[in-house]
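For reference, the structure discussed in these notes is given below.
The values are calculated or read from the model by the stated rules, or taken from the named source; none is laboratory data. Everything numeric in this text was worked out from a predicted model, so none of it was measured. Cβ placement follows ideal geometry from the backbone for every residue including glycine, while neighbour counts extend to all protein chains displayed. Protein only, heavy atoms only, side chains kept; ligands, DNA and RNA dropped before computing areas. Shrake-Rupley method; radii C 1.70, N 1.55, O 1.52, S 1.80 Å.
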Amino acid sequence: MSSHVAYESELTWLSTRELAARIASGEISAREALADHLARRDAVNPALNAIVTRDDDRAADRAERADARRAAGEPLGALHGVPMTHKESTDVAGLPTTRGSALLLDNVPTQDALIIRRMRAAGVITSGKSNVPEFTAGSHTFNEVFGTTVNPWDTTRSAGGSSGGAAAAIAAGIQASGDGSDMGGSLRTPGSFTNIVGMRPTNGRIPHALPANPWEWLAQPGFMARTVGDIALLMSVASGPAAGAPLSIPESGSVFERPEFTHPERHVAGAGLAGLRIGFSSDLDGLLPVNPEVDAVVRSTVGVFAGAGAQVDDVIPDLRDADEVFRVTRAYDFAADYRTLVREHRDEIKDAVVWNTELGLALTVDDLLSADEARCRLASAVESYFTTHDLLVLTSAQVAPFDARLEFPREAGGVRLKNYLEWMRASTIISATGCPAVSVPAGFTPDGLPVGVQLVAAPGRDVDLLLAAQAFEELTGHHRRRPVL
């Protein structure tokens, strides 16, 4: 672990909400916030390799213009002047989107993805992009273009993925929050590994819109942050229906503007858990192999939920169909996205991506029909479960942060794992249900490594999910602990 003292100021550990408020009030300028952000990045990023694309000059121009708008008395967005890097695989106009592949080094989008467009409209100052695994495949962030991102809590360990660069940057104080995406845990696993919050929203909350595939549902855009309140702030900005997005949820982002998020100090700590009906099983009743040190931390959260007045039992939904739904849908999506690249450049793409793409190309009509039938059964089981429960609680990850030199852990809970997806099943099983899910800091292993607990709610109940997560966060305070860099 790095032992030097990095640049740090009074702004370093502010929440996004606090930073935005100080800029809006004129206490600090957007230029000062950006300078602080870049200084922290320059101090700690060499040890982490979290930020891989820099846009300093244009960020400085944007910050100067942001200050001019404030001085002129123009209306300010909720994120006015807040500096932030974005996930490398997400399109940002004028910055490369390589997905960690040398095959896409010349890919420079001319327009922002919807989530970026909405954040920039709210005033975010883009300063660069954060690292991802090659083609975002796997929950460990490494590629041959940019190298490996490591964990601020122990720089010999993985920061998770695929939003691992963003997670490391947030946990290390470079920025308070950031965007990402989650197909099989790409927000929740790095959240768990770095002691921050990572949320996968309900499909349509942040819509998939044209020219991307508007019917896509397994991968979801979303956010990570050091506090649940910041997740709610970003969701309020990025959520809402969009043109060219037929699966949009019709509610606007204003549903996330709850007083519990904006003024938590005015509410009784933990009140958001009182009376909730929670089904708890760290390992989903044996469906998941979980390492003992992780299991112990997650099981310790039962007392927090029960102590706050929640009704906790060990009842869980029937999730046996989830593996088939995830496996087939992911394979189909990989084939849709990467079939041409794999056919033309097979030897220049990592084996995991080739394998997953070829699984998709080999799918039969019977495979697709069987997966549709499984998804219907799974949806029925989930709907039935949430008539008697408000939350399902389990582990966010099956292992603690592992050796960053490995491609993926080969064992979990004493069980040998067959491929790079099996250690991610705590997330992939939940992804298949379509439920919103959030990983919240739950504690640390005896070795001082972070562990997250995963809260899951019924589809569409994103706000209720965050209210419960914030209540847990308030009672435990694990998010206040910071890595030493």
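For the reader, a short list of remarks on this structure follows.
- Among the residues making up the stretch 242-277, those that are among the aliphatic types (A, V, I, L, M), in contact (Cβ under 8 Å) with a residue 40 or more places away in the chain and within 30 Å of Asn213 (Cβ to Cβ) are Ala242, Ala245, Leu247, Ile249, Val255.
- Selection over the stretch 121-144 of residues that are touching a Ser or Thr at 6+ places or on another chain (Cβ under 6 Å) and either free of Cβ contacts under 8 Å to residues at least 60 places away in the same chain or open to solvent by 10 Å² or more (accessible area, probe 1.4 Å) (or both) gives a count of 6.
- Taken over the stretch 204-221, the residue count meeting the criterion of being touching a Gly at 6+ places or on another chain (Cβ under 6 Å) and in contact (Cβ under 8 Å) with a residue 40 or more places away in the chain is 1.
- Residue within the stretch 250-271 that is among the acidic types (Asp, Glu), modelled with pLDDT of 95 or more and in contact with an Asp or Glu (Cβ under 8 Å, 6 or more places away or on another chain) present: no
- Residues that are of a type outside the set (D, E, K, R), over 30 Å from Leu284 (Cα atoms) and crowded, with 18+ Cβ neighbours inside 10 Å, drawn from the stretch 336-373: Tyr338, Leu341, Val342, Ile349, Val354
- Among the residues of the stretch 59-78, those that are within 29 Å of the chain's Cα centre (by Cα) and aliphatic (A, V, I, L, M) comprise Ala59, Ala60, Ala63, Ala66, Leu76, Ala78.
- Close pairs from the stretch 17-28: first in contact (Cβ under 8 Å) with a residue 60 or more places away in the chain, partner aliphatic (A, V, I, L, M) and part of a helix (DSSP H, G or I), Cβ under 8 Å, at least 6 apart: Arg17/Leu233; Leu19/Ala33; Ala20/Leu233
- Asp403 vs. criteria within 20 Å of Ala137 (Cα to Cα) and open to solvent by 20 Å² or more (accessible area, probe 1.4 Å): yes
- Residue check, Gly161 outside any helix (DSSP H, G or I), within 13 Å of Arg99 (Cα to Cα), in contact with a His (Cβ under 7 Å, 6 or more places away or on another chain) and of a type outside the set (Lys, Arg): yes
- Subset of the stretch 285-307 [open to solvent by less than 30 Å² (accessible area, probe 1.4 Å) and in contact with a Phe, Trp or Tyr (Cβ under 8 Å, 6 or more places away or on another chain)]: Val297, Thr301, Phe305
- Lone unmet requirement of (1) open to solvent by 70 Å² or more (accessible area, probe 1.4 Å); (2) within 21 Å of Tyr420 (Cα to Cα) for Phe326: (1)
- Ser439 falls short on exactly one of the conditions (1) open to solvent by 10 Å² or more (accessible area, probe 1.4 Å); (2) among the polar types (S, T, N, Q); (3) within 19 Å of the chain's Cα centre (by Cα), and that condition is (1).
- Only one entry in Pro436, Pro401 is more than 25 Å from Leu247 (Cβ to Cβ), of a type outside the set (Gly, Ala, Ser) and in contact with an Asp or Glu (Cβ under 8 Å, 6 or more places away or on another chain), namely Pro401.
- Counted residues, the stretch 145-175 - those being among the small types (Gly, Ala, Ser) and either within 20 Å of Ala6 (Cβ to Cβ) or open to solvent by 10 Å² or more (accessible area, probe 1.4 Å) (or both): 11
- Of the candidates Thr357, Thr340, Thr387, Thr329, the single residue that is closer than 30 Å to Gln470 by Cβ and either at pLDDT 95 or above or not in a helix (DSSP H, G or I) (or both) is Thr387.
- Looking across the stretch 63-120, the residues that are among the small types (Gly, Ala, Ser) and without any contact (Cβ under 8 Å) to a residue 60 or more places away in the chain come down to Ala66, Ala68, Ala71, Ala72, Gly73, Ala93, Gly94, Gly100.
- Residues of the stretch 385-394 satisfying the condition of being more than 11 Å from Ile316 (Cα to Cα) and in contact (Cβ under 8 Å) with a residue 60 or more places away in the chain: Asp390
- Against the list (1) out of contact with any strand residue (DSSP E or B) (no Cβ under 8 Å at 6 or more places or on another chain); (2) surrounded by fewer than 19 Cβ atoms within 10 Å (Cβ to Cβ), the condition Asp314 fails is (1).
- Taking the stretch 387-399 as the range and being out of contact with any Pro (no Cβ under 8 Å at 6 or more places or on another chain) and buried (at least 17 other Cβ atoms within 10 Å of the Cβ) as the test, the residues that pass are His389, Asp390, Leu391, Val393, Leu394, Thr395, Ser396, Ala397.
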